[in-house]
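Undergrad: Here it is, the structure in full.
The values are calculated or read from the model by the stated rules, or taken from the named source; none is laboratory data. The shown structure was predicted, so the numbers you read here are calculated from the model rather than taken from an experiment. Cβ coordinates were reconstructed from backbone atoms using ideal geometry, including for glycine residues, and neighbour counts include every protein chain displayed.
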Amino acid sequence: MRRSRWVRGGRLGLLVAALAVLLTGCSAKDWERNLRFGFPTGVTKQAERIRVLWTWSGVAALALGCVVWGLIFWCCIRYRKRNDELPRQTKYNFLVEAICFTFPFIVIAVLFYRTVVVEDYANKLTKNPDVKVQADAFKWNWEFEYQTYRGVEANKAEKAQVLRYTKPDGSAMPNPEHAAVPYYLQTVGDSNTIPILVLPVNQTVQVTEHSFDVLHSFWVPEFLFKRDVVPYEKPNTLEGQDEYDTSRDNKFEFTATKTGSYVGRCAELCGTYHSQMNFEVRVVPQQTFVTYLEALRRVGPDDPNRQAKALQIAMPNASPIATTTYPLDTDRTAQGPSQRGGN
Ligand SMILES: [Cu+2]
């Protein structure tokens, strides 16, 4: 009698789950993908792996929670006080203790193992990334340097080309800030401009992070990833090249799988305008990326509007300014956007 009730309950549960999947019109895969417990939709290969870990950790936690709640309620009802007689007192129960030790141990071992595997994947650096960029963080903005690019058609062993500014005759322009470093194609944000990091879709991008002052953190919510930008060990001015300390520069890689514009933020409290230290990542088709680099080179480093101009050349149908966030107004007496149109 009791058994058949359980079986019937189980069947009903399965039926409800199957109906839920069918009625919402999505496949099991979609359903799994949408079960993110508040995570944004990831747009990189790494993000998808992180999302899977997150989804199934959540499912495991909920399942375990249901078992625990079930046991609590079952005990409350089954062993509620019926009279003043003391229940049978049991001292040791080897079986219960063994289960209570082994089961949580297995759960944390599996969680630990899966976390290490996914972390290793997200932290993996390849030998020949397709694009190398440097993200320079400073109070309170970002500079993006495009360092090397290996074309789509190039094979893995082929050397990446260095992306530097050139003089009209084609020779390399010396870096005004640091003679030993090539004058990479770069754009920098200021109080009127949100810096935009343009990157090709489906190609491996390696980011080197460098800080000129304090701790910052590179965070793109839709990458489901952030990494601290750690400042110098030694004094780190650009005046003397010996002092250009890169010993604490972090590196990470990702492969964006979806074109689009994604907001980026500083995720490490770094001072007054920390909350406004935003940037945009624009993932574009590979050919657009190449056109953008060429346009940057053509516009040249001295033009303060080089980012907008190069974007206009490479993406005439897209906005030449950031669309996911707006620049910070450094005038403290100015009305903020929340007050626009009011007093
Ligand atoms: Cu910051």
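Undergrad: Which of the strands (runs of 3 or more DSSP E) contained wholly in the stretch 250-331 include at least 1 residues that are within 22 Å of residue 184 (Cα to Cα) and in contact with a Gly (Cβ under 6 Å, 6 or more places away or on another chain)?
TA: The qualifying strands (runs of 3 or more DSSP E) are 279-284.
Okay, residues lined up against (1) closer than 29 Å to residue 54 by Cα; (2) surrounded by 12 or more Cβ atoms within 10 Å (Cβ to Cβ):
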{"position": "101", "(1), (2)": "yes, no"}
{"position": "110", "(1), (2)": "yes, yes"}
{"position": "158", "(1), (2)": "no, no"}
{"position": "169", "(1), (2)": "no, no"}
{"position": "178", "(1), (2)": "no, yes"}
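Undergrad: If residue 66 satisfies all but one of (1) part of a helix (DSSP H, G or I); (2) within 17 Å of residue 221 (Cβ to Cβ); (3) free of Cβ contacts under 8 Å to residues at least 40 places away in the same chain, what's the number of the condition it fails?
TA: (2)
Undergrad: Would you mind stating whether residue 117 is outside any strand (DSSP E or B) and among the hydrophobic types (A, V, I, L, M, F, W, C)?
TA: Yes.
Undergrad: Considering only residues that are exposed (fewer than 13 other Cβ atoms within 10 Å of the Cβ) and more than 16 Å from the ligand (Cβ to nearest atom), which ones fall in the stretch 271-284?
TA: Correct list: empty.
Undergrad: Among the residues in the stretch 245-267, are any within 16 Å of the ligand (Cβ to nearest atom), among the aromatic types (Phe, Trp, Tyr) and either at pLDDT 90 or above or in the same structural domain as residue 177 (by TED's automatic domain parsing) (or both)?
TA: No, the stretch 245-267 contains no residue that is within 16 Å of the ligand (Cβ to nearest atom), among the aromatic types (Phe, Trp, Tyr) and either at pLDDT 90 or above or in the same structural domain as residue 177 (by TED's automatic domain parsing) (or both).
Undergrad: Something else now. Please verify whether the stretch 9-23 includes one or more residues that are surrounded by 13 or more Cβ atoms within 10 Å (Cβ to Cβ) and at pLDDT below 80.
TA: Yes; the residues of the stretch 9-23 include at least one that is surrounded by 13 or more Cβ atoms within 10 Å (Cβ to Cβ) and at pLDDT below 80.
Undergrad: Okay, moving on. Filter the stretch 122-140 down to the residues that are not acidic (Asp, Glu) and not in a loop (DSSP other than H, G, I, E, B) and list them by number.
TA: Listed by number, the residues that qualify are 122, 123, 131, 132, 133, 134, 135, 137, 138.
Undergrad: I'm checking my understanding of the structure. Among residues of the stretch 118-154 that are acidic (Asp, Glu) and under 16 Å from residue 202 (Cα atoms), which one is nearest to the ligand (Cβ to nearest atom)?
TA: 130
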